[in-house]
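One structure below.
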Amino acid sequence: MARRPGHPTYSKRFMGNTNKKEVHDLDNEKTGRNECQIDEIIQAEHAVTFTPDTLSQAHSEDYDNCAHCIGSSRR
Ligand SMILES: [Zn+2]
């Protein structure tokens with residue numbers, strides 16, 4: 001899997017999980033059990049995107065790195 005067109009990510013690279021306050025890199029999505037779980041986040045309506053679509057913008061909104069697709073948790 002990778003970037004997804006349409007609601008709610010509109011082919012953007014970075015997606016936040018509002019529930020866990022984590023940011024995922026959809027260009028490096030990990031689909032194993034208990035990894036990114038992007039589809040589950042979207043289904044739960046916990047997905048947000050960032051403007052601009054950058055990791056530093058996600059960090060400025062207090063999102064932490066996903067351990068699987070980005071790594072180096074900042075918490
Ligand atoms: Zn991830």
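Please report Rg over Rh for the chain, where both radii come from the alpha carbon positions and Rh follows the Kirkwood definition.
When Rh is taken as the Kirkwood radius, the ratio is 0.91.
Heavy atoms of the protein only, probe of 1.4 Å, neighbouring chains included. What is the accessible area of R13 in Å², nearest 10?
90
Sum -39500 (n - 2.57) across every DSSP H segment of at least 4 residues in the chain, then divide by the residue count to get the 222 nm mean residue ellipticity, nearest 500.
That comes out to -3500 deg cm²/dmol.
Let me spell out the model: positive unit charges on the Cβ of Lys and Arg, negative unit charges on the Cβ of Asp and Glu, origin at the Cα centre of the stretch 1-72. What dipole size does that give, in debye rounded to 20?
140
Carbon-plus-sulfur fraction of the accessible area of the chain, 1.4 Å probe, in percent?
Carbon-and-sulfur percentage of accessible area, whole number: 44.
Please tell me the relative contact order of the chain in percent, rounded to the nearest whole number, where contacts are Cα pairs under 8 Å and at least six residues apart.
Relative contact order for the chain comes out at 34 percent.
Which residues' amide hydrogens lie under 5 Å from the amide hydrogen of H24, considering only partners 5 or more residues apart or on another chain, with H built in the peptide plane?
M15, G16, N17
Could you tell me what percent of the DSSP beta bridges with both partners in the chain are antiparallel, to the nearest 5?
Around 75 percent of the beta bridges assigned by DSSP in the chain are antiparallel ones.
The values are calculated or read from the model by the stated rules, or taken from the named source; none is laboratory data. In this text, all values refer to a predicted model and were calculated from it rather than measured experimentally. So basically every Cβ, Gly included, is an ideal-geometry build from the backbone, and we count neighbours across all protein chains shown. The area values use the complete protein model at the heavy-atom level, side chains included, leaving out ligands, DNA and RNA. Shrake-Rupley method; radii C 1.70, N 1.55, O 1.52, S 1.80 Å.
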